[in-house]
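Step one of this worksheet: look at the structure below.
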Amino acid sequence: MTLTARHIGTSIARPCREVYAFASNPENLPLWAAGLSGFIAKIDGEWVAESPMGSVKVEFVAANDLGVLDHTVTLPSGESLYNPLRVVPNAEGSEIVFTLFRQPGVTGEEFEADAAAVARDLAALKGLLES
């Protein structure tokens, strides 16, 4: 079995290494990832963010030169959701692409709302980095 997936992305007119450096810093999440973080802090060695679902833990993969920003979000229920996120070069700029998986029990309407929220977050990131 596989989950339904949607790739949501945008072009950013900044070099890949700059987009990666900004987006990989958890302290920057409140500036662009409204769906995940209104506030984030490192508590006992873990990044804890406030979200519409309550306090969640956010764990990014180790820093790398490949533009991989995958992260796992652990919900208050203890359920962990894996979120693939990539920054790839596009000429002198970048593409950032998030893969959204439709989790079991999520309605089509909820999936569309999640996709729209991810698109807004990526647009906010683009706005910050291009201003």
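The values are calculated or read from the model by the stated rules, or taken from the named source; none is laboratory data. These numbers were taken from a predicted model, which means no experiment stands behind them. Every residue, glycine as well, gets a Cβ built from its backbone with ideal geometry; the counts of neighbours run over all protein chains shown.
Given the criterion within 21 Å of residue 104 (Cα to Cα), of a type in the set (S, T, N, Q) and over 13 Å from the mean Cα position of the chain (by Cα), identify the matching residue among 55, 77.
77
For segment 58-74, enumerate the residues that are polar (S, T, N, Q), under 25 Å from residue 127 (Cα atoms) and within 14 Å of the chain's Cα centre (by Cα). Steps first, please.
Of all residues in segment 58-74, those polar (S, T, N, Q) come to 64, 72, 74.
Still in the list and also under 25 Å from residue 127 (Cα atoms): 64, 72.
Correct list: 72 only.
Which pairs do you get when a residue that is under 20 Å from residue 122 (Cβ atoms) and modelled with pLDDT of 95 or more, found in segment 90-112, comes within reach of a residue that is in a loop (DSSP other than H, G, I, E, B) and of a type in the set (Lys, Arg), reach meaning Cβ atoms under 9 angstrom, with the pair 6+ apart or on two chains?
Every condition considered, the pairs that remain are 92/14; 93/14; 94/14; 110/102; 111/102.
Which ones in segment 91-117 are among the polar types (S, T, N, Q) and out of contact with any strand residue (DSSP E or B) (no Cβ under 6 Å at 6 or more places or on another chain)?
Within segment 91-117, 103, 107 meet the criteria.
Please work out which residue is nearest to residue 91 (Cα to Cα), limiting yourself to segment 25-76 and to residues that are surrounded by 19 or more Cβ atoms within 10 Å (Cβ to Cβ) and among the hydroxyl-bearing types (Ser, Thr, Tyr).
37
Is there a residue being among the aliphatic types (A, V, I, L, M) and either at pLDDT 95 or above or in a strand (DSSP E or B) (or both) anywhere in segment 24-33?
No, the conditions are met nowhere in segment 24-33.
Do you know which of the residues in segment 77-89 that are touching a residue at least 40 places away in the same chain (Cβ under 8 Å) and surrounded by 17 or more Cβ atoms within 10 Å (Cβ to Cβ) is farthest from residue 13 (Cα to Cα)?
85
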